[in-house]
Amino acid sequence: MENAENLIALLVAAPLLGAAVLLCGGRRLDRAGHWLGTVLAAASFVIGAVLFFDMLGRGAEERTLRQHLFSWVPVESFQADVAFQLDQLSMTFVLLITGVGTLIHVYSIGYMAHDERRRRFFGYLNLFLAAMLLLVLADNYLLLYFGWEGVGLASFLLIGFWQHKPSAATAAKKAFLVNRVGDMGLSIAIMLMFTTFGTFAFGPVLAATGETSEGMLTAIGLMLLLAACGKSAQVPLQSWLGDAMEGPTPVSALIHAATMVTAGVYLITRSGAIFNAAPDAQLAVAVVGAVTLLFGAIVGCAKDDIKKALAGSTMSQIGYMILAAGLGPVGYAFAIMHLVTHGFFKAGLFLGAGSVMHGMNDEVDMRKYGGLRKYMPVTFVTFGLGYLAIIGFPGLSGFWSKDKIIEAAFAKGGTEGWILGGVALLGAGITAYYMTRVMLMTFFGEKRWQPAPDPDTAPSVEPGIEVHPGEMPHPHESPRSMTIPMILLAFGSVFAGALFSLNGAFVNWLRPVTDFEHGHPPVSAATVTVSTVVVLLIGVGIAYAQYGRRPVPVVAPRGSLLTRAARRDLLQDDFNHIVLVRGGEHLTRSLVYLDHTLVDGVVNGTAASVGGLSGRLRKLQNGFARSYAVSMLGGTAVLIAATLLMRGV
Amino acid sequence: MSFPLLTATAALPAVGAILTAAVPATRRTAAKWLALAVSLGTLVLAALVAIRFEPGGDRYQLTESHAWIKDFGVRYELGVDGIGVALIALTALLIPFIILAGWHDADSLAVSDSGPAAGHAKRWRPTQGFFALILMVEAMVILSFEATDVFLFYILFEAMLIPMYFLIGGFGDRAHAGTDENAAAQRSYAAVKFLLYNLVGGLIMLAAVIGLYVVAGNFSLTEIAEARASGQLEMATNTERLLFLGFFFAFAVKAPLWPLHTWLPNAMGEATAPVAVLITAVVDKVGTFAMLRFCLQLFPEASKWATPAIIVLALISIVYGALLAVGQRDIKRLIAYASISHFGFIIMGIFAMTSQGQSGATLYMVNHGLSTAALMLVAGFLISRRGSRLIADYGGVQKVAPVLAGTFLVGGLATLSLPGLAPFVSEFLVLVGTFARYPVAGIIATFGIVLAALYTLVLYQRTMTGPVKPEVRAMPDLRVRELVVVGPLIALLLFLGVYPKPLTEIVEPAVRHTMSDVQQKDPKPEVEAAK
Amino acid sequence: MNPVNYLYLAALLFTIGAAGVLIRRNAIVVFMCVELMLNACNLAFVAFSRMHGNLDGQIIAFFTMVVAAAEVVVGLAIIVSLFRSRHSASVDDASLMKL
Amino acid sequence: MNTLAATATSTGEAVQFWILGTIAVIGALCTILMKKAVHSALCLAGTMIVLAVFYLANGAYFLGVVQIVVYTGAIMMLFLFVVMLVGVTAADSLKETIKGQRWLAAACGLGFGILLVAGISRASLDTFNGLGTANAGGNVEGLAALIFSKYVFAFEITGALLITAAVGAMVLTHRERTEPARTQRELAEQRVREGTHLPPLPAPGVYARHNAVDIPGLLPDGTPSELTVSKTLRARGQIRDVSSQALEAVKALEQRAEERLGHQGTGPQASRPQSREEENAQ
């Protein structure tokens, strides 16, 4: 197709238009707004698909499309353009974002049916799509930063969508702030690039990595890593993801599982050249990934809130991706591949969770579920497939991607390789454990349903879904608008992995962007695979022993120290609260006091002293003409003296 | 001798001010419309200035020059460079919105009992006075952006204090904590503080101006600058430094730079929202503008000498202002401290001595004007509805007045310089420009970004979200007049955020000139330097 | 003897007059002391005119007298009206010139 | 007259200077030290006359005469008139009321004088080319020539000044009578209204050795009553108090009368006053 690049802008424009119309349109759009949003998202997906097939039609070399719209900030040597670059990596993301995005739009039509602010919800969703697409399509880091903060804004708006819930508002603020810390890293990285290379466009920067010192590259790399940590909820900036579950479930599915949180992986993969040239930074990436992988998994094990449990698992799965990205050319492709498959099955899982909550009066506590498989079969099946996919059940998509990552981790070689690989392997086990736990607590066992809470007393209840306090939930299958997306995603989570791995299709597809080299683990790949499956089965077994055999207590047992810590996100929040929040409050309070007393006091003090002095001088003005005369005479005398002295000198 | 466009641009509001003041007491509405019309006319003239100005042309264009006080070589000399054009445009653009936003601010005075007895109610015309003063300020500010004669500039720099004093002290915020007397006392305190601070600065500057005359023999900025550049006019190092400090002090008070900032929160807190916007978005810009135009051009060596200290002060302003903003309980004071932080960015950009920094600073002046105007005016609408400035008195506004909350959020996002909104471009330019020369300063300054997000979002969360407070339950959403005020501002913020090129094109040549004045070049990227 | 002594005498008288102005409270007496000072000046003028050998000094003295006469007229009038208003000729009673 | 050309003056003038100079200084000192304004005025007049003589001695004949005629003759008399008008007030007391005023005055005065003297002595004033040439055509003519040629404008202006001063003096002293003069009747009514001194004030000099207006009368209990003396005298403090011996005499008188009457034995108490009346009458 001739000059297909002109279509790229449309990718972003369509959802952007939707956002503008829906947010500025006002109430008259309330009735049709969600359809408009969905259609535009779908349009964006269609354009993406067109471009994709067009791209397939080209040779591997000329597949990259560029579109230069206009010069954004031109100041002397500082030249930032609004220009797009669509290569295989971007294309992968475009399809994922628009595809999953569209599905979730459809899902939301049903899910948000009863919310009077549905129009605005779709506006925000479109805004998010636009920003996310901008992020992955940008051809320079500054424009990427634009999209980066844009998705942050969208996530802020969507997490805090039910603003009347203080918890939601706080969670939104927290998410944005933590992300801001990451953004700081990104902006510093851009500054470093500018001062080092004089530019921050992908092409020149990544091409010129050879011309500067490794130290500089390490610095840039670490800054990029900080940014990735913020956006992808990696340790130490992961604390916001759990709270982000305050947002409506479709949001959790789209933003906090499938797309936005994976932006960090995109960033690192995109900047692969930099990391390749800075091994230290690369190792740091891998370590962060490994740590988060375990962290998220442990947290996931302890949560009783289904969404929070899934959030923990998201964290840990992204940990896998980051770890893979930290392995260099060996892992980039697998990171992205896991990202895509994860996008499918995690989105599916979240939608399933949403469907369950929908049927259970928005109950999120898994201890109050149980035995739901009879009541919502479709949800059960799709959720189950997602479950199998995520634990990496052989044949399903999760297996293909995760297994490769574990291999690559071992292939790192040396002790590092063993440690990273071991962690990845262990993570797979824990994943199996907590996902099985979720599965069992939700769909199996006996009913542990509780009467619906009063929405006024329990602010966690999502509004718009009519809840009659005290009424027992009557689980029912969700409307078709919700089930269809779940089914489609389930298909994705079953077959995507196998599809991608057909004679390394995915790897070859990405190879031009992220040069690929085969990793050679110390032990044979087969061994790794087998051990993975074994670990997986162990995890499932333990979970079954704990939750399948015995009845699940409705009230959570006190649990071991680790469990209790894990319930509180391994005390991360407490740490933040004590160190940052408290300290900050004290600092600001004392500063306010100082500003008033010290800085202001000095000035007012001088004023007061001048006043006092003049008050004393004032006494000289006693109004007696004669004393004035005295001063006159004295003055004259002084003058004469002065003149005499002058003439004397 | 072509049509004196610059004089006209400044003269129109001045004349308008007199006419507005002359409107009889009973015809309040007429006065308002007159003032609005005049401000719009000024906007048209300012647009003409921007059109007639060729970025590629001479440094100063549309110049006018007439002898004024022959004995001291004081001339009535006008001329604009890109920076001046940008700021004149900003001023002319903001004033109509300020007038619209303050449409009813002075009425309560006119009808309230606090006015004088019915005896001379005939001559009691607060509304007329309010708008006349605003127009007067506009005239002076515009002229000070045009003046290329140091003495002329000084006079305007001082003269604009008088109307500002009355605007702050005379037309305070009705929404206050405590009794009327209490509020009046605080108000007069704020007004006097504003006046004293700026007067002290002005006096020190006057000394420096006289000193400059003694050294240079005339007041013409262009001539002195040329003489300096061509080396005809030598200054002893210490003389130059002293003169520089004299000028800089005055501008730093106006800007305001830490630790000379404490007048701003009081003034902005006590004044009505439109006046607060006038202070921070328009009048204070004269200070930063003058740093660029006078300090750097007249005393390049001294500027370079003082740069490290100033950068440090600017850094303190950035972090300190942001931290104090976090600690505020009063919406308007919070915005004031945020402005202090932003002024820190502007000053840092000016003295980073890189083209990115200085263009960024100039853009920042414009963008900060727009963003603060948007945020402060919406805050003003909010406060006028509830009658309180305390953050704690609000909550859940988003539910009852979504449009108000939305605009407030956009203003806030602009304040925390979100990409896509104008301030981001300028802030990032300043950061990059500073980082190129002073990496540590650049990194510390980026912490300001996080803090900005903190105070903005905390403000938004506490006022707009959460359960609806009973007091705000009946709060009406934005009215048409208010939408007319906020809408265009937000549109501009978005446009300049995505397409700031028109602005940068105008500003860039002027910055290039300034850079050559201080004989500074952008540091080369490491890679090229290596080659 | 050297005619300069006239000047010394003038200086002495002037000083005495000044002291009088400072210590007396009766407006009239104060006024007299002022006259005394004027006369001292006149003496000096006359002496100077003799010194320089031209009459300008005397002219000035003459004018001084005229002006003194005018001043006395007005001053005394003021004193009288002051006395009428507050039944006292004390300069201290008119001490309203204070902040 | 040409003798005045000399740089060092004649001994005659020297003697005159030293004598009259002393007088002048004493006069000046008295002016400022005398308690009563009248005396100050007189002393000042004396000093002025001395100064007039000095003018003559310095060849300023016209000024000398003018000094005597205008100053001593007219202005000082004006002063005396005003003193008479104003009368004697408390202001005359030399007691200082403003704290430290006197010391300051002394200090400033001294310093000032010393400085003046120093200044004169430093100035090189030894060359005296006298008025011989200037007064050749006569002093008055010389002055006239100058006044009407060189200083004519100043002269005219001083004329204007004098007129203005005269008018000003009139304006200041003239007082428009706003309300009509109060009649006897009104005064009487006011007395009744106030209730004090319904009858006219007591006449002075009762029981006096000689009938003098400045002696207060005695009340029945023998204490003098200020009311009996006219207001002006009271204001000037010119009340001659009833000397003690006068009171003694009265007492002795009563004593004797007592004895006589007692000696006669009986006597109506009421008659005693009358009898005393008779006694005094004699």
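Data for the structure
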item: For chain A: rounded, prolate or oblate by the Cα gyration tensor [a/c cutoff 1.5]; result: prolate
item: Fully extended contour minus Cα-Cα distance, from A:T415 to A:L69, at 0.36 nm per residue; result: 119.7 nm
item: Calculated Rg and Dmax of the range B:452-510 using C-alpha coordinates, Å; result: 17.6, 55
item: Candidates C:L22, C:L13, C:L38, ranked by Gaussian network fluctuation over chain C, Cα under 10 Å, top entry; result: C:L22
item: Table column - 3J(HN,Hα) (Hz), the range D:170-178, Karplus curve with 6.51, -1.76, 1.60, x for Gly and Pro; result: 4, 4, 5, 7, 5, 10, 6, 7, 7
item: Rotationally averaged projected area of the range C:4-86 (alpha carbon convex hull; nm²); result: 5.4 nm²
item: Mean Cβ count within 10 Å, highest first, over the residues of peptides B:236-244, A:52-60; result: B:236-244, A:52-60
item: Label-point gap, in nm, between A:R589 and A:D280 - each point 7 angstrom along Cα→Cβ; result: 4.1 nm
item: Equivalent ellipsoid semi-axes - Cα gyration tensor, the range A:523-649, angstrom; result: 92, 23, 6
item: Two-site FRET efficiency, B:D107 against B:F72, from Cβ-Cβ distance with R₀ of 60 Å, rounded to 0.05; result: 0.85
item: Entries in A:K173/B:K193; B:K254/B:K521; B:K70/B:K521; A:K447/B:K399 that, when Cα-Cα distance is taken, lie over 32 Å; result: A:K173/B:K193; B:K70/B:K521; A:K447/B:K399
item: Straight-distance crosslink candidates among lysines, where the alpha carbon sits under 21 Å from A:K404 and sequence neighbours closer than 8 are dropped; result: A:K346, A:K412
item: FRET efficiency for A:F52 and A:H596, using Cβ-Cβ distance with R0 set to 51 Å, rounded to 0.05; result: 0.25
item: Calculated FRET value between D:L80 and A:S631, using beta carbons and R₀ = 45 Å, to 0.05; result: 0.90
item: Added length on full extension, which subtracts the Cα-Cα distance from 0.36 nm per residue, D:V152 to D:R182; result: 5.6 nm
item: Stokes-Einstein diffusion coefficient of the protein assembly as shown, Kirkwood radius over Cα pairs, 37 °C, 0.692 mPa s, in µm²/s; result: 81 µm²/s
item: Point-to-point label distance, D:E141-B:L196, nm (Cα→Cβ direction, 7 Å offset); result: 7.4 nm
item: Rule-of-thumb Rg ratio for chain B [Cα; 2.2 N^0.38 Å; N residues]; result: 0.94
item: Theoretical gain in end-to-end length, B:V214 to B:V15 [0.36 nm per residue, Cα-Cα removed]; result: 68.1 nm
item: Where labels lie 7 Å past Cα in the beta-carbon direction, separation of D:L253 and B:L40 in nm; result: 10.8 nm
item: Chain A, relative contact order [Cα under 8 Å, separation at least 6], %; result: 12 percent
item: Qualifying aspartates and glutamates (Cα of each under 17 Å from Cα of A:K374; at least 8 residues distant if same chain); result: A:E446, A:E477
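No lab work stands behind these numbers, since they all come straight from the coordinates. Quantities reported herein were computed from a predicted structural model and do not represent experimental measurements. Note: ideal-geometry Cβ built from the backbone for every residue, glycine included; neighbour counts use all protein chains shown.
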